[in-house]
Amino acid sequence: MENIKAIHWFRQDLRIADNPALFEASKHAEVLPIYILDDQNSGEFSMGEASRFWLHNSLDDLYKNLNQNLSLYKGDPLETLLDIINRFKIDEVYWNRCYEPWRIKRDTQIKSKLESKGVLVKTFNGSLLWEPWTIKKDDGSPYKVFTPFYRKGCLNSKEPRIPLPNADISNYLSDKNHSLELSELSLIPSVRWDIPMHSFWNIGEAGAYKRLSDFINKGIQHYKEGRNFPSKPFVSRISPHIHFGELSPNQAWYLAKNQGSNKNIDHFLSELGWREFSYSQLYFNPNLPRKNLQTKFDQFPWENNLDNLIAWQKGKTGVPMVDAGMRELWQTGSMHNRVRMIVGSFLVKNLLLNWHHGERWFWNCLVDADLASNSASWQWVAGCGADAAPYFRIFNPVTQGEKFDPDGEYIKKYIPELSNLPIKYLYSPWEAPKEVLTEANIVLGKDYPKPIVELKASRERALEAFKSLKKEEA
């Protein structure tokens, strides 16, 4: 081994297996693995509360996996790195690239500064199957529609990198005198709403790989159709593990691909492709989190009803399929993807509330809050994004519930106060006769809310709002 001292800067790659930057850094004689909590450069995109809960537990797992040789800091990364480089006489710094606009700007400045000091900086792709700038149309412009992006762009491009073995962690340094305790990062909320979440997740690298393996062994063969049913175990639930880098998309891609090829496996791979498409949109449209990709929506007549927004956030809209999803989010830090579309459509179309309200709430409540996926998905459901659902496509939460939660298992799990209601009225309790409600021991407006909007009327209102937009455009 060369007598070189190196830093590996962990970011969204909290794992030892298939970690390109860590793998390369660990070839040297001495490596200092570090994590820096940066709330200074992130601004409005600082991690939400659910993400911080996850990060705390993921760092704890990584610290143990590295034989307690993970040094923790918080503050400005450039200042932190310069201090460490000076004290340890560091020669090289390694990290895996991040793709949020604020991180690209920060990392570019850091790399330039370190190189001006004579420090070699090496960066790698550890979190995407394809770099965003490599998937473009023949004319050099980015794709705006998913299917050609994935089928023509990704699948005709170079195959994703094959996962690397575990990095050699036998020569790691630690910065015992300057490293913070994990508790000093203050990631855990003062009001411990996070405690019930622990039973739902197995956070960390081993838990991530087990969740993926269980899905590949038990769920993937029913994925294409089964993924639409929120009470069924046919979704992977790996997105927070991939977001924090406890698992790489390459590991997921090849573990699935090695099962063979059928409609279920192909569909799962295409869902990994949607994540790539979201990152492509963010890379080529840095204002994606804040500006409509379709600028005609800048004139959309959004309403500003705070009471309706709070009812939606708390899962008290009086519409069971919507409320079940919002309560699942609050209790678990996640929400089934089909239900995400239902609650999103209800917010922007039935309630006519700006998609930014949903984006911000999900940012704070989701353990897999990812700037690219969250922004692109909300723009999709609002009708203003790339390859978006047309604005006039409005999910009916009653028929969606009847179709995708036919036995009511999902609704009853998260809205137990409706458990005694006959299935006929479970999706629309306001239609139940008084004697049926009495028999089920339910008083609407007391035990469960009356609906805050009438579905048919609010749908018509949304369509009228969209028509006004088209007239203005004309």
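The values are calculated or read from the model by the stated rules, or taken from the named source; none is laboratory data. Keep in mind the model is a prediction, meaning the values are calculated, not measured. Ideal geometry is used to build each Cβ from the backbone, glycine not excepted, and the neighbour counts take in all protein chains shown.
Among helices (runs of 4 or more DSSP H) entirely within region 9-90, having at least 3 residues that are among the charged types (D, E, K, R) singles out 49-65, 77-88.
Remark: pairs (first residue in region 404-420, within 18 Å of V235 (Cα to Cα) and not assigned by TED's automatic domain parsing to the domain that holds R227; second residue in a helix (DSSP H, G or I) and of a type in the set (D, E, K, R); Cβ separation under 7 Å; 6+ apart in sequence or on different chains) = F404/R338.
The residue list N86, N19, N41, N65 contains one member that is among the polar types (S, T, N, Q), in contact (Cβ under 8 Å) with a residue 24 or more places away in the chain and more than 22 Å from Q251 (Cα to Cα), which is N41. Within region 116-142, residues that are farther than 20 Å from H241 by Cβ reach partners that are aliphatic (A, V, I, L, M) and surrounded by fewer than 18 Cβ atoms within 10 Å (Cβ to Cβ) with beta carbons closer than 8 Å, at six or more positions or on different chains, in the pairs K117/L82.
Picking from residues in region 190-217 that are in contact with a Phe, Trp or Tyr (Cβ under 7 Å, 6 or more places away or on another chain) and assigned to a loop (DSSP other than H, G, I, E, B), the one that is farthest from D39 (Cα to Cα) is I203. With respect to the conditions (1) on the phi > 0 side of the Ramachandran plot; (2) in contact with a Pro (Cβ under 7 Å, 6 or more places away or on another chain), L352 lacks only one, and its number is (2). When the residues of region 184-199 are narrowed to those that are farther than 19 Å from L329 by Cα and of a type in the set (S, T, Y), which ends up modelled with the highest pLDDT? My answer is S186.
Take A311 and decide whether it is over 23 Å from I195 (Cα atoms) and crowded, with 24+ Cβ neighbours inside 10 Å. Criteria not met by A311. Taking every residue in region 422-440 that is closer than 17 Å to T317 by Cα and pairing it with any residue that is among the small types (G, A, S) and in a helix (DSSP H, G or I), at least 6 positions away or on another chain, the pairs with Cβ-Cβ distances below 7 Å are Y427/G401. Restricting region 108-142 to residues that are in a strand (DSSP E or B) and among the aliphatic types (A, V, I, L, M), the residue that is surrounded by the fewest Cβ atoms within 10 Å (Cβ to Cβ) is L120.
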